[in-house]
Structures are given as structure tokens and as C-alpha cells.
């Protein structure tokens with residue numbers, strides 16, 4: 001569950017959060033490591049599961065300092081890694097499960113592919129310019145059944 005700030009709170013400074021519940025388990029709000037959860041400012045906007053490595057990606061566009069994507073193991077409810085990216089918004093997986101697809105950018109919107117194995121940008125990041133910034137990403141195989 002991605003959390004957004006309550007009505008009346010500063011949308012860029014209030015804490016965002018993430019709660020996970022493994023199969024047959026209890027909900028737990030992620031609080032450690034504090035340096036990471038403290039950087040999850042504003043709403044936790046978009047979530048995506050990678051069932052191959054039991055990871056969930058969560059975006060916080062107003063995370064500290066300029067935006068943050070966090071990765072968590074949803075079975076152990078533990079932090080895996082994070083990635084600073086300017087105002088990350090939508091996140092999805094490529095159809096083959098090799099990459100996270102993340103929309104990002106404040107003044108210049110873009111799309112970046114992040115390794116689903118390492119949760120990191122490659123040495124030569126695969127980035128695309130975008131005409132607009134989307135809060136969510138949807139992936140569809142247009143050629144299915146062709």
C-alpha cells in the first residue's frame with residue numbers, strides 16, 4: 001500500500017510511506033532504514049511488483065533531495081535499495097521482466113529503463129524523452145495473438 005499525506009498537510013514535506021503485507025502475513029509500514037524512509041516525502045505515488053525477485057518498486061516524486069525510487073522485498077518486508085531520480089512518477093515492468101520502466105523529470109519529462117536485477121541504471125542509461133509526465137505507466141503487448 002502506497003501512502004499519501006493527509007488533507008491539510010504540505011504535499012511536498014509531509015511523509016509518504018509504504019506498507020507491505022506478505023501472503024498470509026500482517027501489514028507492516030516500512031520505517032527502516034530511517035535515512036531512506038525519511039527521504040520518502042510527499043505521496044508514495046506508484047507501485048510495481050517484480051515477482052521474479054519478490055521486489056516492489058515505489059516512487060516518491062517529492063522525495064529528498066529531488067525524488068526517490070525505493071525497492072523492497074515484499075516477502076521479508078525489508079529494504080533492498082534506492083535510486084535518486086528527478087521526480088520519479090510512474091513505474092512498471094517490461095513484458096520480459098528485465099527492466100523497471102520509470103517516468104521522471106520536472107522540466108524535461110522522460111522515461112528510463114532500470115535493471116530489474118540490480119535496481120540500478122546501467123553505465124549508459126537507456127533514457128527516452130517524453131512529451132509529458134505521467135503519474136502511472138501501463139505496459140501492453142499490442143502484438144499478442146498476432
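Where a number appears in this text, it was derived from the coordinates with a stated rule and is not lab data. Because the structure is predicted, anything quoted here is derived from the model rather than measured. Backbone-built Cβ (ideal geometry, glycine too); neighbour counts: all protein chains shown.
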Region 42-108 shape via C-alpha gyration tensor axes, a/c threshold 1.5 = oblate
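Got the relative contact order for region 2-129 handy, in percent, Cα pairs under 8 Å and 6 or more residues apart? Could the numbers behind the result be given before it?
Working: 320 pairs, mean separation 21.2, N = 128.
It rounds to 17 percent for region 2-129.
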When the Cα centres of region 57-78 and region 35-53 are compared, how far apart do they sit, in Å?
-> 3 Å
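Can you sort 79, 138 from fewest to most other Cβ atoms within 10 Å of each residue's own Cβ? Please list the in-between numbers first.
Values: 79 17, 138 8.
Final ranking by Cβ density, sparse to dense: 138, 79.
Using Cβ counts within 10 Å as a stand-in for footprinting exposure, how do 104, 128, 71 rank, fewest first? Intermediate results must be reported in sequence, preceding the final value.
Numbers: 104 25, 128 11, 71 22.
The order, fewest Cβ neighbours first, is 128, 71, 104.
Given the DSSP H assignment, sum -39500 (n - 2.57) over each helix run of at least 4 residues in the chain and divide by its residue total; what's the result at 222 nm in deg cm²/dmol, nearest 500? Don't skip to the end; give the middle numbers.
Numbers: 1 runs with 4 residues, N = 146.
-500 deg cm²/dmol, from helical runs alone.
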How far is it, in nm, from the label point at residue 19 to the one at residue 106 when both lie 7 Å from their Cα along the line to the Cβ?
-> 3.1 nm
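Looking at the square roots a ≥ b ≥ c of the eigenvalues of the Cα gyration tensor of region 11-146, which shape do they give, rounded for a/c under 1.5, prolate if a/b is larger than b/c, or oblate?
Values: a/c = 1.77, a/b = 1.16, b/c = 1.53.
Oblate shape, in that a/c is at least 1.5 and b/c is the bigger or equal ratio.
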In terms of the alpha carbon gyration tensor, root eigenvalues a ≥ b ≥ c, rounded if a/c is under 1.5 and otherwise prolate when a/b exceeds b/c or oblate, region 82-146 is oblate
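Tell me, what is the percent relative contact order of region 9-68, built from C-alpha pairs under 8 Å that lie six or more residues apart? Don't jump to the answer; show the numbers that get you there.
On the way: 95 pairs, mean separation 18.9, N = 60.
Relative contact order of region 9-68: 31 percent.
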Connecting every pair of Cα atoms under 10 Å apart in the chain and solving the GNM, the largest mean-square fluctuation among 45, 95, 20 falls on 95
Cβ-Cβ FRET estimate between residue 94 and residue 136, R0 fixed at 22 Å, reported to 0.05 = 0.90
Spacing of the two label points (7 Å from each Cα toward its C-beta) at residue 86 and residue 34, in nm = 3.2 nm
